Amino acid sequence: MAAPKTDAEIRIVARNRRATFLYEILETVEAGLALIGSEVKSVRDGKVSLTDAYAAPEGNEIYLYNLHISVYEKTSVERPDPLRRRKLLLHRRQIHRLAGKIRERGLTLIPLQVHFRGGHAKVEIALARGKRKFDKREAIAKKDLRRDMERLHARRGRE
């Protein structure tokens, strides 16, 4: 008998690396992703792009928009649109809480990463606030300062 799947078995497929630069992350939530069979195979192959993707409530559901999943080459029956909206699988309470925060505070939902947990495709979405231009400049300055400090420590270690 096979060992049960644990939470530690996560295989990250795609990351939104610009998210932390463009947005201030307030809270993260893991959601299931409703996919068609051929899309699952493309996601397993890593053919996913999170660029410009966002999530928004629509009725009593939350959908993910602009998540690009390339068409699986070997599929012959149904070739879904790579940019179609995809339903996020969340509990009703989570949907209402997130939708309320988006409406009242002017926040947005952005995907941070797509991964597999126990054979199921999941997306980590974040409740985020867009950074202003000066916030981005500040982040760049901190990053440069940290890099310079690491260089100095590396040089001292060699001397």
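The values are calculated or read from the model by the stated rules, or taken from the named source; none is laboratory data. Everything numeric in this text was worked out from a predicted model, so none of it was measured. Positions of Cβ are backbone-derived with ideal geometry, glycine not excepted, and every protein chain shown enters the neighbour counts.
The table below lists the values:
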item: Considering residues of the stretch 33-59 that are buried (at least 19 other Cβ atoms within 10 Å of the Cβ) and aliphatic (A, V, I, L, M) only, the residue nearest to residue 97 (Cα to Cα); result: 55
item: Subset of the stretch 53-79 [within 19 Å of residue 120 (Cβ to Cβ) and touching a helix residue (DSSP H, G or I) at 6+ places or on another chain (Cβ under 6 Å)]; result: 62, 69, 72
item: Within the stretch 130-157, considering residues that are among the small types (Gly, Ala, Ser) and in contact (Cβ under 8 Å) with a residue 12 or more places away in the chain, the one farthest from residue 109 (Cα to Cα); result: 139
item: Meets criteria (under 26 Å from residue 132 (Cβ atoms), touching a residue at least 40 places away in the same chain (Cβ under 8 Å), among the charged types (D, E, K, R) and not in a loop (DSSP other than H, G, I, E, B)) for residue 27; result: yes
item: Where a residue in the stretch 34-58 is in contact (Cβ under 8 Å) with a residue 24 or more places away in the chain and in a helix (DSSP H, G or I) and its partner, wherever it lies, is buried (at least 16 other Cβ atoms within 10 Å of the Cβ) and of a type in the set (Ser, Thr, Tyr), with Cβ under 6 Å and at least six apart; result: 38/72; 41/72; 42/72
item: Residue within the stretch 103-120 that is over 21 Å from residue 51 (Cα atoms) and hydrophobic (A, V, I, L, M, F, W, C) present; result: no
item: Selected residue (criterion: surrounded by the fewest Cβ atoms within 10 Å (Cβ to Cβ)) from residues of the stretch 8-32 that are under 25 Å from residue 118 (Cβ atoms) and among the polar types (S, T, N, Q); result: 28
item: Some residue of the stretch 45-52 being in contact with a helix residue (DSSP H, G or I) (Cβ under 9 Å, 6 or more places away or on another chain), at pLDDT below 90 and acidic (Asp, Glu); result: no
item: Among the residues listed as 97, 86, 17, the single one being in contact (Cβ under 8 Å) with a residue 40 or more places away in the chain, closer than 29 Å to residue 129 by Cβ and of a type in the set (D, E, K, R); result: 86
